[in-house]
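Report on the following structure.
The numbers here are math on the coordinates, done by the rules we state, and not lab data. These figures come from a predicted structure and were not determined experimentally. Neighbour counts are summed over all protein chains in view; Cβ atoms, including those assigned to glycine, are modelled from backbone coordinates with ideal geometry.
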């Protein structure tokens, strides 16, 4: 739950930068830290997980 005010355009640009960075660096540069709920992920699992998570929220808000 978001409890503070956010500037949509600022948040959108932050998300675009993160997606671009991930796209340029690829899943091999993804964190080696375990996921807090699912545990250790391979680079491919991170790639799939990030895609599914982002896709879920974009669909959720009709983007």
### Query
Under 6 Å by Cβ, and 6 or more places apart or on different chains, what pairs join a residue from the stretch 7-22 that is under 17 Å from residue 46 (Cα atoms) with one that is surrounded by 11 or more Cβ atoms within 10 Å (Cβ to Cβ)?
none
### Query
Name the residues in the stretch 27-40 that are under 13 Å from the mean Cα position of the chain (by Cα) and either part of a strand (DSSP E or B) or surrounded by 10 or more Cβ atoms within 10 Å (Cβ to Cβ) (or both), would you?
27, 30, 35
### Query
Counting just the residues of the stretch 7-26 that are surrounded by fewer than 10 Cβ atoms within 10 Å (Cβ to Cβ) and within 15 Å of the chain's Cα centre (by Cα), which one comes out farthest from residue 58 (Cα to Cα)?
24
### Query
Any idea how many residues of the stretch 41-63 are part of a loop (DSSP other than H, G, I, E, B) and out of contact with any strand residue (DSSP E or B) (no Cβ under 9 Å at 6 or more places or on another chain)?
4
### Task
Any residue in the stretch 50-63 that's under 19 Å from residue 37 (Cα atoms): show its pairings with residues that are surrounded by 10 or more Cβ atoms within 10 Å (Cβ to Cβ) at Cβ separation under 7 Å, as long as the two are six or more apart or on different chains.
50/22
